[in-house]
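Written below as structure tokens is the structure these notes are about.
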Amino acid sequence: MKVRALVLASQGKLRDCGIENPARDARLMLANCLGVEVHKLNLLDDSFPSEDEISKFWRMVDERCKRKPVSKIIGYRAFWGRNFEVNEDVLDPRGDTETLIEVVLDSKFQTMLELGTGSGAIAITVLAERFDATCVATDISGPALEIAARNSKIYGVQNRLTLLQSDWFSKISGRFDIIVSNPPYISAIEYNKLASEIADYDPKISLTPGGDGLDSYRQIISNARGKLRKNGELVLEIGYSQAEPVKKLLDGAGFSKIRVHKDLGSRDRVLSAQAADGSSVT
């Protein structure tokens, strides 16, 4: 069977399984099987994949029909123009988080702390764009840090990135120009309503802190000023309905210049705030 026919046949099967974007998913998986970039797949329309490649591809299609995300099938997710290794030990980097990257890159800093790095997509993207910056990136998960380490080597930023296993600030010393985090923020109620593609394949610890979804912000915000330099900045991704409660936490902790940044869908997505003196809140 030619590549073109494989794409069409698999699209039909994925559509029958209720997959939302069968054409995109089929092309991503087949390109991965054939070892080519997806935008070059059309060049192979009339070629004949090997039997092993075809068998592997149909296994991928079967996994997708069971709602396994394409990224977890092919082993990477595109983010800010780069492909990052992912598996079930890390949260998929998503397009909404690129708003956080935009905010960070608009800031003036040389030293950055990222809390909850996962695959390393945020820290690595920032370092790849800012050649004068260094970063300490933490995660409570050892397997996640292993993936972040591999991703950092792919993009040549490993010498400017320190990976540290830490529960938020527990092993952090020193102060930073900017602290960044996309923490778990889904409430317990919302978590129970998540689609299986998310709940079954992203680590629960990366999705929800339980309760009202705000505990991660409480921990980060209550400690962040003591780890920021004078006029340092805190940048947090938030859920679309969390701007007001997180702003109250920031204001109560003595942060100033609190701003809400919207994503491409015009939803509240990121909060930034400044620590005027970089001192601890008592």
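Listing for the model above:
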| quantity | calculated |
| --- | --- |
| Cα centroid separation - the range 215-261 against the range 79-131, whole Å | 18 |
| Relative contact order of the range 93-215, defined on C-alpha pairs under 8 angstrom at six or more residues apart (%) | 25 |
| Length-normalised contact order for the chain - Cα pairs under 8 Å, 6+ apart - percent | 14 |
| Prolate/oblate/rounded label for the range 61-189 (Cα gyration tensor, a/c 1.5) | prolate |
| From the C-alpha gyration tensor of the chain, square roots of 5λ in Å | 38, 20, 16 |
| Unit charges on C-beta of K, R, D, E only; dipole of the range 3-66, Debye | 180 |
| Rounded tilt (10° steps) of 51-65 against the dominant C-alpha axis of the chain | 50 |
| Candidate aspartates and glutamates - alpha carbon under 17 Å from Lys262, same-chain residues fewer than 8 apart omitted | Asp96, Glu98, Glu102, Asp106, Glu237, Glu244 |
| Full-stretch length increase - Asp132, Ser50 - with 0.36 nm per residue and alpha-carbon distance subtracted | 24.9 nm |
| Beta bridges per DSSP with both ends in the chain, % antiparallel, nearest 5 | 45 |
| Cβ-based net charge around Val180, under 10 Å, with every Lys or Arg adding one and every Asp or Glu removing one | -3 |
| Positive dipole terminus of the chain, leading residue within Ser173, Ser71, Gly118 (C-beta point charges) | Ser173 |
| With Cα atoms, 0 to 90° folded angle of helix 215-224 axis to the chain main axis | 50 |
| Length released on extending from Asp200 to Asn42, taking residue separation times 0.36 nm less the Cα-Cα span | 53.6 nm |
| Mean Cα-pair separation over length for the range 1-132, i.e. relative contact order, pairs under 8 Å, 6 or more apart, % | 19 |
| Principal-axis tilt of helix 243-252 within the chain, Cα atoms, nearest 10 degrees | 30 |
| Highest-first arrangement of 230-241, 2-13, where packing means the average Cβ count within 10 Å | 230-241, 2-13 |
| The chain - charge dipole about Cα centre, Lys and Arg +1 at Cβ, Asp and Glu -1, debye rounded to 20 | 380 |
| Helical mean residue ellipticity (222 nm; -39500 (n - 2.57) per DSSP H run of 4+; nearest 500) of the chain | -11000 deg cm²/dmol |
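We did not get these values from a lab; they are worked out from the coordinates using the rules stated. As the structure is a computational prediction, the values presented were derived from the model and not from experiment. With ideal geometry, Cβ positions are generated from the backbone for all residues, glycine too; neighbour counts draw on all protein chains shown.
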